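The values are calculated or read from the model by the stated rules, or taken from the named source; none is laboratory data. Just so it is clear, the structure is predicted and the values come from calculations on it, not from any experiment. Virtual Cβ from ideal backbone geometry, glycine too; neighbours counted across all protein chains shown.
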């Protein structure tokens with residue numbers, strides 16, 4: 001009899017993404033020509049991790065004694081204020097917000113799952129989603145339900161979203177919605193103005209019938225286009241009846257994957273409810289990680305509040321956005337010419353390519369030395385790690401991989417349910 005509890009016995013210690021990454025690295029070291037488009041970290045064209053010098057400077061100048069001291073359980077007040085301002089500055093929504101520090105966006109999502117769902121209940125997200133949502137909810141004794149992400153027109157299936165939300169409220173009298181927009185992982189999709197307006201209306205209607213919490217996973221939002229912040233305009237509509245959360249992280253926005261600095265921002269129209277939210281979230285901090293990385297909190301506070309540092313960081317991020325944008329443009333051109341089927345893709349670390357069989361497509365591509373992540377109904381390409389110079393090779397491998405996955409005449413197609421398989425912690429998205 002294992003000393004582990006039954007649920008823990010079958011838990012794997014590794015992750016498919018890391019396994020694929022390790023295989024790609026091994027083959028490259030053995031002299032093969034390999035394209036590794038698996039991990040969600042922004043790399044320069046020479047393969048080095050893209051970093052922001054101003055952010056490194058901020059970390060270096062934190063006094064050692066301050067860095068070594070415990071951070072307040074909920075996070076330093078100046079940090080929390082800076083995070084709220086970074087998300088909602090200028091919108092007037094800051095006055096409705098409370099926040100706590102978390103170890104990255106993953107910690108923020110874990111907080112939300114623990115505080116807004118009862119054991120045995122489910123969060124709701126789109127059929128393509130970051131697989132760690134399942135890991136986080138499962139470890140907490142919760143789960144994930146999905147609605148079909150794309151309609152026949154290629155846009156977000158709003159009817160499916162509303163049906164899924166209604167079904168959850170009917171079954172469990174509460175709902176926690178997880179939306180990872182703009183620059184969705186794994187598809188790269190961003191909602192347009194019409195879609196955001198419709199989502200806000202759906203959430204507001206549902207919130208009048210039960211307890212609805214809407215969480216925006218903000219991980220990739222800073223890498224979207226000029227319209228990426230338009231979601232903020234629709235938050236007041238949701239706040240009429242619902243709670244709104246933002247899972248905020250510096251992993252991508254400041255290229256600090258290893259710092260594990262993030263925050264959960266909660267908005268509610270009722271001041272008494274905001275006090276309760278702050279207390280519940282602070283309690284969860286103490287019950288899990290207790291305190292976050294104090295050097296990281298102090299350094300990030302400097303980046304967000306020092307005008308010179310913030311200006312430098314914004315400029316440096318702009319360089320990275322342009323680097324990624326060149327890859328997005330090159331991929332869209334090549335994929336369009338090749339006839340590959342993809343969601344609308346305007347920015348972000350990833351893009352998905354639809355295929356009848358993601359596992360088969362990815363296997364054929366690996367044989368050609370191109371590593372991508374298989375999903376049900378698609379494969380994910382990490383353009384964040386893919387130089388422009390090899391994108392044509394990636395597209396050619398995709399064409400061959402999708403063709404190999406097409407069913408022969410008379411055969412049924414592969415699985416069409418769409419879910420990202422086995423995504424690890426968001427720091428290595």
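Filtered by the rule that a residue be touching a residue at least 40 places away in the same chain (Cβ under 8 Å), assigned to a loop (DSSP other than H, G, I, E, B) and over 22 Å from residue 348 (Cα atoms), the stretch 121-164 gives a lone residue, 121. Counting only helices (runs of 4 or more DSSP H) wholly contained in the stretch 1-117, the ones carrying 3 or more residues that are free of Cβ contacts under 8 Å to residues at least 60 places away in the same chain occupy 6-9, 16-29.
Mind listing whichever residues of the stretch 101-132 are touching a strand residue (DSSP E or B) at 6+ places or on another chain (Cβ under 6 Å), over 23 Å from residue 268 (Cβ atoms) and surrounded by fewer than 24 Cβ atoms within 10 Å (Cβ to Cβ)? Those that are touching a strand residue (DSSP E or B) at 6+ places or on another chain (Cβ under 6 Å), over 23 Å from residue 268 (Cβ atoms) and surrounded by fewer than 24 Cβ atoms within 10 Å (Cβ to Cβ): 127, 131.
Test of understanding: among 356, 409, which residue is more than 26 Å from residue 192 (Cβ to Cβ), in a loop (DSSP other than H, G, I, E, B) and in contact with a helix residue (DSSP H, G or I) (Cβ under 7 Å, 6 or more places away or on another chain)? The unique qualifying residue is 356. No other residue among 245, 239, 216 is closer than 19 Å to residue 81 by Cβ, buried (at least 18 other Cβ atoms within 10 Å of the Cβ) and modelled with pLDDT of 95 or more apart from 245.
For the stretch 350-379, a residue qualifies if it is within 20 Å of the chain's Cα centre (by Cα) and more than 16 Å from residue 35 (Cα to Cα), and the qualifying residues are 352, 353, 354, 375, 376, 377, 378. Against the numbered list (1) free of Cβ contacts under 8 Å to residues at least 40 places away in the same chain; (2) part of a helix (DSSP H, G or I), residue 390 comes up short only at (1). Between 239, 254, 320, the distinction of being in contact (Cβ under 8 Å) with a residue 60 or more places away in the chain and not assigned by TED's automatic domain parsing to the domain that holds residue 96 belongs to 320 only. Would you mind stating whether residue 233 is touching a helix residue (DSSP H, G or I) at 6+ places or on another chain (Cβ under 8 Å) and without any contact (Cβ under 8 Å) to a residue 12 or more places away in the chain? Judged against the criteria, residue 233 is not a match. For the stretch 189-217, name all the residues that are part of a loop (DSSP other than H, G, I, E, B), farther than 13 Å from residue 126 by Cα and either touching a strand residue (DSSP E or B) at 6+ places or on another chain (Cβ under 7 Å) or in the same structural domain as residue 346 (by TED's automatic domain parsing) (or both). Within the stretch 189-217, just 210 meets the criteria.
Which of the residues that make up the stretch 176-201 are free of Cβ contacts under 8 Å to residues at least 60 places away in the same chain and under 27 Å from residue 380 (Cβ atoms)?
Result: 177, 179, 180, 181, 191, 192, 193, 194, 195, 196, 198, 199.
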